[in-house]
Amino acid sequence: MLPASGAAAQSSLLERWYTAVFDVNRVAISDLLAEDALIRLEDLGVTQTKTEYLESLEDWADVVKSANFAWQIDESETADDTAATALVCYQFPDKEVMIREVFAFRDGKIIAASQSTADDSCEDF
């Protein structure tokens, strides 16, 4: 669990992250990612640099138009000022899925994110 100050800091950073991702705000996303950040999409076996991730947002913008999202910090995972885990419910017109995202932070920036499917539904969200 995060100490209160660590929890507030991580929650604030992730609140800005998910707002930017769901709004496809490239400027905000770029600002939140460290220059050497790596984004790992475990289910696809893909690792992207910051530049590659930003370039992929074109496709994401089409997907996000018809979806709903909700996220929360995973309270069952230990976290500190350098890491946090979030659970994200993605609700698309034809399905929903819960994703686990594990983040690493440095100097108030995301230096790594690893995304994998946690469940085929958001029932337990």
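Only the coordinates and a few stated rules stand behind these numbers; no lab work does. The shown structure was predicted, so the numbers you read here are calculated from the model rather than taken from an experiment. Positions of Cβ are backbone-derived with ideal geometry, glycine not excepted, and every protein chain shown enters the neighbour counts.
Some notes on this structure:
- Positive contributions from Lys and Arg (+1) and negative ones from Asp and Glu (-1), summed over other residues with Cβ under 15 Å from the Cβ of residue 44, come out at -3.
- Applied to segment 112-125, the Karplus parametrisation 6.51 cos²θ - 1.76 cosθ + 1.60 on θ = phi - 60° returns per-residue 3J(HN,Hα) values of 7, 9, 10, 10, 8, 5, 9, 6, 7, 8, 10, 4, 8, 5 Hz, with x for Gly and Pro.
- If you wrap the tightest convex hull around every Cα atom of segment 69-113 and split its volume per residue, you get 71 Å³.
- Rough spin-label spacing in nm, given labels placed 7 Å along Cα→Cβ, for residue 92 and residue 76: 2.4
- Cβ-derived FRET efficiency at R0 30 Å, residue 42 paired with residue 124, nearest 0.05: 0.90
- Helix content alone sets the calculated 222 nm mean residue ellipticity of the chain: runs of n ≥ 4 DSSP H residues at -39500 (n - 2.57) each, divided across all residues, give -11000 deg cm²/dmol.
- Local charge for residue 122 was computed over the other residues whose Cβ lies under 13 Å away, with Lys and Arg +1 and Asp and Glu -1, and equals -3.
- In terms of the mean number of neighbouring beta-carbon atoms within 10 Å, the peptides 60-71, 109-120, 89-100 order highest first as 109-120, 89-100, 60-71.
- Net charge of Cβ neighbours under 11 Å - reference residue 102; Lys, Arg +1; Asp, Glu -1: -2
- FRET efficiency, residue 26 to residue 107 (Cβ-Cβ, R0 25 Å, nearest 0.05): 0.75
- Kirkwood Rh, Cα atoms: Rg over Rh of the chain: 0.94
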